[in-house]
Amino acid sequence: MSEEPKHPRRPARPAKAAPIPVYVTGGEVSTLGSADPFWFRIPSVFMGCLNLFMFPFRAILVAAEIALASALLAFGTAGWMWWTKRITDQDVANVLMEAGDRVLGILKGAGIF
């Protein structure tokens, strides 16, 4: 014996359709795109192109900053090692003499001296 349900099933409701966005541009109604005219996007496109153009220069700048920071760290470490007598005065004098000779050679080669 099969019993009939007391409340028969309701027919399935169709899913509600999502509302269609409507854009009003200059008194005209459009459902195709944004409400802003294309020239509103010109500044953001220009800035994107400018960022793309400037990327190599920024990469060179970052590399130069890293090189400068490394050189300062090396000079600071060498100065600390000399101050704490881990490097002798004669070693420092030899390195500075060699660097001075190179700088003078470059200056003489350029015709400054």
Assuming R0 = 30 Å, what is the FRET efficiency of Ala71 and Cys49, from their Cβ-Cβ distance, to the nearest 0.05? 0.30
If each Cα of the stretch 51-113 is one equal point scatterer, what is log10 of I(q)/I(0) from the Debye formula at q = 0.15, 0.19 Å⁻¹? -0.74, -0.86
Vicinal HN-Hα couplings computed from phi for the stretch 55-65 (Karplus, 6.51 cos²θ - 1.76 cosθ + 1.60; Hz; Gly/Pro x): 4, x, 5, 5, 5, 5, 4, 5, 4, 5, 5
Nearest-0.05 FRET efficiency for Ala17 and Arg41 at R0 = 30 Å, using Cβ-Cβ distance, is 0.50
Full-extension gain between Asn94 and Arg58, please, as 0.36 nm times their residue separation minus the C-alpha to C-alpha distance. 9.2 nm
For Ile87, what residues show an amide H to amide H distance below 5 Å, using hydrogens built from the backbone and excluding near sequence neighbours? Trp82
Taking 86-92, 39-45 and ranking on average Cβ neighbours within 10 Å, highest first, one gets 86-92, 39-45
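The numbers here are math on the coordinates, done by the rules we state, and not lab data. It should be emphasised that the depicted structure is a prediction, and the values quoted were computed from it without experimental measurement. Cβ coordinates were reconstructed from backbone atoms using ideal geometry, including for glycine residues, and neighbour counts include every protein chain displayed.
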